[in-house]
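A.B. asks: Below is a structure I'd like to ask you about.
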Amino acid sequence: MPNSSIAPNSAPPTGIRGSFIDFVDDPFIQDEQASIRWIPDGLLVIQDGYIKAFGNYSQIAPAYDNLAIQTHDDRIIMPGLIDTHIHYPQTGMIAAYGEQLLEWLSRYTFPTEQKFKDKTYALEIAELFLDELLKNGTTTALIYAAVFPESVDAIFEAAQRRNLRLIAGKVMMDRNAPKDLCDTAETSYQESKALIQKWHQKGRLLYAVTPRFAGTSSRSQLDMAGKLLREFPGVYLQTHLSENRDEVAWIRELFPDSQDYLDVYDRSGLVQSRSVFAHGIHLSEREFQRLSEAESAIAFCPTSNLFLGSGLFNLARAKSADSPVKVGLGTDVGAGTSFSLLQTTNEAYKVAQLQGQKLSPLQAMFLATLGGARALSLEDKIGNFDVGKEADFIVLDDQATPLMALRNGSHDHQTLEALCDRIFSLVIMGDDRAIAATYIMGQPAHTR
């Protein structure tokens, strides 16, 4: 974190005034009122992209003479949304009809991803993809590229130009896929290593070792992924886990010596505190316990899980007090049906309802902000408005459409209960239209 002293060449501080909400703790585990920080008339002071001061306007403003302040009346200001699982090469195949996971991969995903050997094409999609993230209020994402190193260079180059806090990696895939999309255990290691050395911790960029899933990686390749994690301790691991019942049965056949799906990864050293496993729908109690013990994370992807008919994620078990697992939200485009994490919270609420579970509006927004930051081990940098963190945030308009204006226009906005009701309307009705502005390191990156 930056220190509090002002460097001689620092830009003058600027201020954002409005109604702020963020989280200081996990409302699944702690009391909700103790977990939330709500400041109806707040001031966020930003300098050189970092949060310099935050609190009530009346208390913060007197300390700053001639502070340039932008005011957002009748809006809710929150930390930027965090997407813990998304495939940028699948942008153009969103809403591909009619298959479940394994058939969907073969019919749609693999042919689409073959185009990403062309760096020019990959850059074109990367720019559109990042436009969509920012339009939807997503300021950080954990991203799959394709098997080709060119696809990784494209997304990182585009993200670097926008100064984004972003994590991505080259897919490792050496079997059970089209020949043109397969690497080998050795080439995947060498190419991934070169990409780590080129991009990891360059600006705000971070690297994720990315075996697609156990079905498309040999044991040798998974072992090479583990070797990369040992050689570069700060990098991430992202892959898929227990998404579909047929997939789980297939993995059991491919790896008969492993006690379950998670153990396939564990035997190669891939279950660690910076490991993020997408889906985790059909997990055993042993697997939940192991994920909690290792401080690994699950990316909950409800729009994708419903679209592909994969199943209902057991959020209550994942967030149990006795052995909690870190959980973030993932849009999982292109099996996911929207870039909007607000639309994703909508579906997450329904997934919980279908199982007799509850997902409160504050819990949903926690998953999309500080919960996502914790899932990505980035809570020291993003996720709330603590002083010293990076100033990525969004301005939400809960009256963005005529229907939302009717729903929220006459409400008393001065109580926490009323605020939670406004938040719930955004959880259920919100989409990109509700994102009035997105700020990256204190600078506007999207304005509706």
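A.B. asks: If I filter segment 45-69 down to residues being of a type in the set (S, T, N, Q) and either more than 28 Å from the chain's Cα centre (by Cα) or modelled with pLDDT under 95 (or both), which single residue comes out as surrounded by the fewest Cβ atoms within 10 Å (Cβ to Cβ)? Talk me through it step by step, then tell me what you get.
C.D. replies: Pass one, segment 45-69, residues of a type in the set (S, T, N, Q): 47, 56, 58-59, 66.
Of the ones still in play, those that are also either more than 28 Å from the chain's Cα centre (by Cα) or modelled with pLDDT under 95 (or both) are 56, 58-59, 66.
Working: ASN56: 13, SER58: 10, GLN59: 12, ASN66: 6.
Per the stated criteria, the residue is ASN66.
A.B. asks: Within segment 408-422, is even one residue among the basic types (Lys, Arg) and modelled with pLDDT under 95? Explain how you work it out, then say what you get.
C.D. replies: Here is the first cut: in segment 408-422, the ones among the basic types (Lys, Arg) are 422.
Imposing the further condition that a residue be modelled with pLDDT under 95 reduces the set to 422.
Yes: segment 408-422 contains one or more residues that are among the basic types (Lys, Arg) and modelled with pLDDT under 95.
A.B. asks: Take the conditions surrounded by 17 or more Cβ atoms within 10 Å (Cβ to Cβ) and in a helix (DSSP H, G or I) and apply them to LEU426. Does it pass?
C.D. replies: Working: surrounded by 17 or more Cβ atoms within 10 Å (Cβ to Cβ): yes; in a helix (DSSP H, G or I): yes.
Spelling it out, LEU426 is indeed surrounded by 17 or more Cβ atoms within 10 Å (Cβ to Cβ) and in a helix (DSSP H, G or I).
A.B. asks: Which pairs do you get when a residue that is on the phi > 0 side of the Ramachandran plot, found in segment 248-265, comes within reach of a residue that is crowded, with 16+ Cβ neighbours inside 10 Å and of a type in the set (A, V, I, L, M, F, W, C), reach meaning Cβ atoms under 7 angstrom, with the pair 6+ apart or on two chains?
C.D. replies: No pair meets every condition.
A.B. asks: Among SER218, SER242, SER258, which is the only one that is in contact with a Lys or Arg (Cβ under 7 Å, 6 or more places away or on another chain), of a type outside the set (Val, Ile, Thr) and closer than 23 Å to SER106 by Cβ? Give the derivation first.
C.D. replies: Numbers: SER242 fails: in contact with a Lys or Arg (Cβ under 7 Å, 6 or more places away or on another chain); SER258 fails: closer than 23 Å to SER106 by Cβ.
None of the other options fit; the residue is SER218.
A.B. asks: Follow-up question, since we're still on this one. If a residue has to be β-branched (Val, Ile, Thr) and without any contact (Cβ under 8 Å) to a residue 40 or more places away in the chain to count, how many in segment 34-59 make the cut?
C.D. replies: Filtering segment 34-59 down to residues β-branched (Val, Ile, Thr) leaves 36, 39, 45-46, 51.
Now restrict to residues that are without any contact (Cβ under 8 Å) to a residue 40 or more places away in the chain: 39, 45.
Qualifying residue count, segment 34-59: 2.
A.B. asks: Also: Counting only residues that are within 17 Å of SER284 (Cβ to Cβ) and among the small types (Gly, Ala, Ser), which one in segment 234-274 is surrounded by the most Cβ atoms within 10 Å (Cβ to Cβ)?
C.D. replies: For segment 234-274, the residue satisfying everything is SER242.
A.B. asks: Just need a number here: residues in segment 75-104 that are farther than 25 Å from GLY430 by Cα, in contact (Cβ under 8 Å) with a residue 40 or more places away in the chain and either in a strand (DSSP E or B) or not polar (S, T, N, Q) (or both). Before the answer, list the steps.
C.D. replies: Keep residues of segment 75-104 that are farther than 25 Å from GLY430 by Cα, which gives 89, 98-104.
Narrowing further to those that are in contact (Cβ under 8 Å) with a residue 40 or more places away in the chain: 89, 99-102, 104.
Now narrow it down to the ones that are either in a strand (DSSP E or B) or not polar (S, T, N, Q) (or both): 89, 99, 101-102, 104.
The number of residues fulfilling the criteria is 5.
A.B. asks: Output the residues belonging to segment 10-30 that are within 24 Å of the chain's Cα centre (by Cα) and in a loop (DSSP other than H, G, I, E, B).
C.D. replies: Across segment 10-30, the qualifying residues are VAL24, ASP25, ASP26, PRO27, PHE28, ILE29, GLN30.
A.B. asks: Considering segment 195-236 alone, what residues qualify as being closer than 17 Å to SER151 by Cβ, part of a helix (DSSP H, G or I) and of a type outside the set (Phe, Trp, Tyr)?
C.D. replies: Once the filter is applied, which keeps residues that are closer than 17 Å to SER151 by Cβ, part of a helix (DSSP H, G or I) and of a type outside the set (Phe, Trp, Tyr), segment 195-236 yields LEU195, ILE196, LYS198, THR216.
A.B. asks: Can you tell me which residue within segment 360-377, out of those that are within 19 Å of GLY388 (Cα to Cα) and in contact with a strand residue (DSSP E or B) (Cβ under 7 Å, 6 or more places away or on another chain), is surrounded by the fewest Cβ atoms within 10 Å (Cβ to Cβ)? Spell out how you get there, then give the answer.
C.D. replies: In the first step, residues of segment 360-377 are kept if they are within 19 Å of GLY388 (Cα to Cα); the result is 369-374, 376-377.
Keeping just the survivors that are in contact with a strand residue (DSSP E or B) (Cβ under 7 Å, 6 or more places away or on another chain) gives 369-374, 376.
Working: THR369: 27, LEU370: 26, GLY371: 28, GLY372: 32, ALA373: 25, ARG374: 21, LEU376: 29.
Top of the filtered list is ARG374.
A.B. asks: Within segment 258-303, which residues are closer than 20 Å to LEU367 by Cα, of a type in the set (Ser, Thr, Tyr) and touching a strand residue (DSSP E or B) at 6+ places or on another chain (Cβ under 8 Å)?
C.D. replies: Those that are closer than 20 Å to LEU367 by Cα, of a type in the set (Ser, Thr, Tyr) and touching a strand residue (DSSP E or B) at 6+ places or on another chain (Cβ under 8 Å): SER275, SER296.
A.B. asks: Go through segment 118-141 and count every residue that is part of a helix (DSSP H, G or I), touching a helix residue (DSSP H, G or I) at 6+ places or on another chain (Cβ under 6 Å) and in contact (Cβ under 8 Å) with a residue 40 or more places away in the chain.
C.D. replies: 2
A.B. asks: Which helices (runs of 4 or more DSSP H) sit wholly inside segment 285-392 and have at least 2 residues that are assigned by TED's automatic domain parsing to the domain that holds ASN136 and of a type in the set (Asp, Glu)? Break it down stepwise before answering.
C.D. replies: Details: elements: 285-294, 302-307, 315-318, 341-354, 361-368, 370-375.
Correct list: 285-294.
A.B. asks: Give segment 142-179 a look and list any residue that's under 16 Å from ILE440 (Cα atoms), without any contact (Cβ under 8 Å) to a residue 40 or more places away in the chain and touching a helix residue (DSSP H, G or I) at 6+ places or on another chain (Cβ under 6 Å), or say none.
C.D. replies: The answer is ALA158, and nothing else.
The values are calculated or read from the model by the stated rules, or taken from the named source; none is laboratory data. Only a predicted model underlies this, so the values are computations on that prediction, with no experimental measurement involved. Every residue, glycine as well, gets a Cβ built from its backbone with ideal geometry; the counts of neighbours run over all protein chains shown.
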